[in-house]
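In what follows, a single structure is set out as structure tokens and then discussed.
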């Protein structure tokens, strides 16, 4: 067929290959435009599904191969750019997932399903027959007896600027909608439906760029110099050294060049305060993008960034500074000049489930390289890998060693809980010195932050007699007690079980009795979360204004912003929070930070536990004393002599790095070896044991002792699926692509075996 084209389609499914379809009978619709990157509607089984054209098929297919026709071509211009397709392909290959999984993560639902609905509003215009000022005066004279109508027309004439929004006009005039309807019927006004943006416009006061101090000026100059020879530069600046102001000056330079800037933050929560700061300088140049936006909001942002916008609200001007969480790397940039990865050390940049299990930092570096853009990694506590890359010369390195305006780093005090419990100097879960210092700071009119990285009231319940613990019916995880709504919640799968309002305790979710079903003893609460701390603090300080910030209190879209605003206005004295409070926040009056249960951070079964604990504790310490006198951090621990705490008290990141890099080289961990975690899941534990053993033996036949024994993770069952893992180490400098090919082949052979049927296998690269 002369006008038929064979095309390969990416479908948003976890399928290994692209599918080939035929496009025929389309005539002039595609004669002058590329199909690559356009959406098409194709048949798949008995259904139709939206896919993206990946490439034109090279060569003819064998006659025996039946190719189905494309149902419809949705776009006349690509909605996925060549840069994006390159990123998708790299991610699929590097992170060992499918193109379809990348597509599902990359595109908003409104793009995939083609169900975007533009927001519209009613605008009021003068009828053309009274556009002349003389006719307007005659019309006003005719309305002298209809005072409300006259008032409405006069108000419109004062406001008119290419039409007035209906709602705004009615509010400004003070008349009812019936009056407006009458004037429309009379032919005085016309009503028009006009598309408007769902995105909030900045209406605050604009501010000029702040002058940089000497340290910041040197940092900007050093970064520019570094970019002359390096595409990636690490900015290592202590907390409150003014890194954000350095970012702002660099952003300003790029925007003046007409370039796009991507500003990545590790968590959605961090966009709130940062957005206000950036908008104060750049106004509506700032665009925010993250997963908490609705599908239509994300679709509108995505469409607006395309080379030729497909947005129905095409009259709206969109900015070039994009602030977002990790999903923002998937946006269709066309003129990217700079990528800033703030708090580059944060584990939140790594996607865990579902696939693609990508790291936004690594992906952003690759994306920037293809665009010819520069990358700036910023943090007070660099990841070991990034700092190693900087010291080895792979990245540039710029350091800011002093706080802004000579502020001192906070004093860190260790509180020995063993000693406090022995002396019976505890108030609930607070040591006596901590209570004294909180009371002292509140009396001075200062603010306090309490950090506890567990939400809920109690992490688990336990029978004091036999040790039984209520667990999730779907996962091998204890359920957390939430007192506010009287429920047990699995923080792994979200399973929730409501319980009775008994004063002493709670019911076991299976037996529905107040007693342990094994021995008849009453359950006891074990441990504490932010909810319980809030209750204790309110009891200890009844006159203090207390607020809690965790996942439970910030579920609503604007809840986080409201808490931050209240704290910033000093309407809150004590803020209790999880890791949400550890980074990116600036409050002038916070003089004291208290860390509870620091040992749970240090003693994690992970080779990165010391690194992550130091980073989190140093970051939360940085919230204290950001203006005025030196702040203080008090850390409650049962192990005050731990060497990690000594390095923390000295703010000695380089000491931590030297210790960690030595251990990693000795035990074959990154950055000296690449890791791949192979996870197997199955509903049948026996079959899973068999499959994981078979795969281990097969991989050891290929990779030798680079493959670990079968690992049973701490959480060995999630969502009714049992879990086993294998770890593969590959030396730096080895052919990683070849290793991945061999790994894929062994997994394929495993899944072909009858006795391994139903096993789910996936690989997490750089876990």
Members of segment 262-273 that are at pLDDT below 95 and under 14 Å from the mean Cα position of the chain (by Cα): 265, 266, 267, 268, 269, 270, 271, 272
One residue from 178, 118 being farther than 29 Å from residue 289 by Cα and either in a helix (DSSP H, G or I) or touching a strand residue (DSSP E or B) at 6+ places or on another chain (Cβ under 6 Å) (or both): 178
Those strands (runs of 3 or more DSSP E) lying entirely in segment 365-463 with at least 3 residues assigned by TED's automatic domain parsing to the domain that holds residue 612: 411-416, 447-451
Any hit, segment 662-673, residues being free of Cβ contacts under 8 Å to residues at least 60 places away in the same chain and surrounded by 15 or more Cβ atoms within 10 Å (Cβ to Cβ): yes
Residues (under 12 Å from residue 374 (Cβ atoms) and surrounded by 16 or more Cβ atoms within 10 Å (Cβ to Cβ)) located in segment 204-230: 223, 226, 227, 230
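This table checks each residue for (1) under 24 Å from residue 274 (Cα atoms); (2) buried (at least 16 other Cβ atoms within 10 Å of the Cβ); (3) modelled with pLDDT under 80; (4) in the same structural domain as residue 276 (by TED's automatic domain parsing).
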{"site": "512", "(1), (2), (3), (4)": "no, no, yes, no"}
{"site": "518", "(1), (2), (3), (4)": "no, no, yes, no"}
{"site": "548", "(1), (2), (3), (4)": "yes, yes, no, no"}
{"site": "551", "(1), (2), (3), (4)": "yes, no, no, no"}
{"site": "559", "(1), (2), (3), (4)": "yes, no, no, no"}
{"site": "564", "(1), (2), (3), (4)": "yes, yes, no, no"}
Single residue of segment 251-261 satisfying the filter (within 26 Å of the chain's Cα centre (by Cα) and surrounded by fewer than 21 Cβ atoms within 10 Å (Cβ to Cβ)) that is farthest from residue 273 (Cα to Cα): 259
Output for segment 384-406, where each listed residue is at pLDDT 95 or above and out of contact with any helix residue (DSSP H, G or I) (no Cβ under 7 Å at 6 or more places or on another chain): 385, 386, 389, 390, 391, 392, 393, 394, 399
From the options 464, 382, 433, residue that is touching a residue at least 40 places away in the same chain (Cβ under 8 Å) and crowded, with 21+ Cβ neighbours inside 10 Å: 382
Residue match in segment 45-61 (condition: in a loop (DSSP other than H, G, I, E, B), at pLDDT below 95 and closer than 30 Å to residue 359 by Cβ): no
Subset tally (residues that are over 25 Å from residue 616 (Cα atoms) and either in contact with a strand residue (DSSP E or B) (Cβ under 8 Å, 6 or more places away or on another chain) or without any contact (Cβ under 8 Å) to a residue 12 or more places away in the chain (or both)) for segment 318-354: 12
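A quick yes/no check of all residues on (1) at pLDDT 80 or above; (2) surrounded by fewer than 16 Cβ atoms within 10 Å (Cβ to Cβ); (3) under 30 Å from residue 685 (Cα atoms):
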site	(1), (2), (3)
470	yes, no, yes
475	yes, no, yes
478	yes, no, yes
481	yes, no, yes
504	no, yes, no
507	no, no, yes
Options 716, 708, 691: the member that is surrounded by fewer than 20 Cβ atoms within 10 Å (Cβ to Cβ) and more than 29 Å from residue 361 (Cβ to Cβ): 716
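The values are calculated or read from the model by the stated rules, or taken from the named source; none is laboratory data. Note that the coordinates shown come from a computational prediction; the quantities given were computed from them, not determined experimentally. As a convention, Cβ positions derive from the backbone with ideal geometry for all residues, glycine included, and neighbour counts pool all protein chains shown.
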